[in-house]
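Have a look at the structure below before the remarks.
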Amino acid sequence: MPDKCGKTARRMAREKRTVQAMIRLYCRGHHAGQPTPCGECSELLQYALARLDRCPLAARKPTCARCPIHCYKPQMRERIKAVMRYAGPRMLWKHPILALLHQWDALRCWLSADHAGAGASARDSKHG
């Protein structure tokens, strides 16, 4: 279901910019001397962008670490995890706004109605 003001489209575009920035940081740090992104990292970037384009959760998409759907093939999942482990902390220095918005998305997901509802159910069952 589309949301007001195209927020879903803007969020997905930001997700794509974030993953692209992370892969470029990783590539510069691990494949120095090659064009950025190199062939291997370019392949991972295209794969990640395709996964985002096909995301069934679009409007309600959590950050990848909190996603209930594992849409990456196991080998690609390991590669993107390595990228995120390396680039995540560096994003604050190189792309602070994208990094903070990504953290906001993670927090927003955690505070979502689904999480709050689960907490309320747990409290009700303890006291009921």
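The values are calculated or read from the model by the stated rules, or taken from the named source; none is laboratory data. Just so you know, these numbers come straight off a predicted model, no measurement behind them. Positions of Cβ are backbone-derived with ideal geometry, glycine not excepted, and every protein chain shown enters the neighbour counts.
Observations on the structure shown:
- The residues of segment 102-114 that are surrounded by fewer than 16 Cβ atoms within 10 Å (Cβ to Cβ) and modelled with pLDDT of 50 or more, listed by number, are GLN103, TRP104, ALA106, LEU107, ARG108, TRP110, LEU111, SER112, ASP114.
- Count - residues of segment 13-28 that are closer than 13 Å to ALA99 by Cβ, at pLDDT 90 or above and not β-branched (Val, Ile, Thr): 4
- CYS41 vs. criteria modelled with pLDDT of 75 or more and in a loop (DSSP other than H, G, I, E, B): no
Conditions tested, residue by residue: (1) under 11 Å from the mean Cα position of the chain (by Cα); (2) of a type in the set (Ser, Thr, Tyr); (3) closer than 18 Å to ARG24 by Cβ.
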site	(1), (2), (3)
THR63	yes, yes, no
TYR72	no, yes, no
ARG77	no, no, no
ALA82	no, no, yes
ALA87	no, no, yes
ARG90	no, no, yes
LEU100	no, no, no
GLN103	yes, no, no
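- Of the residues making up segment 52-98, those that are exposed (fewer than 13 other Cβ atoms within 10 Å of the Cβ), free of Cβ contacts under 8 Å to residues at least 12 places away in the same chain, of a type outside the set (D, E, K, R) and part of a loop (DSSP other than H, G, I, E, B) are PRO68, HIS70.
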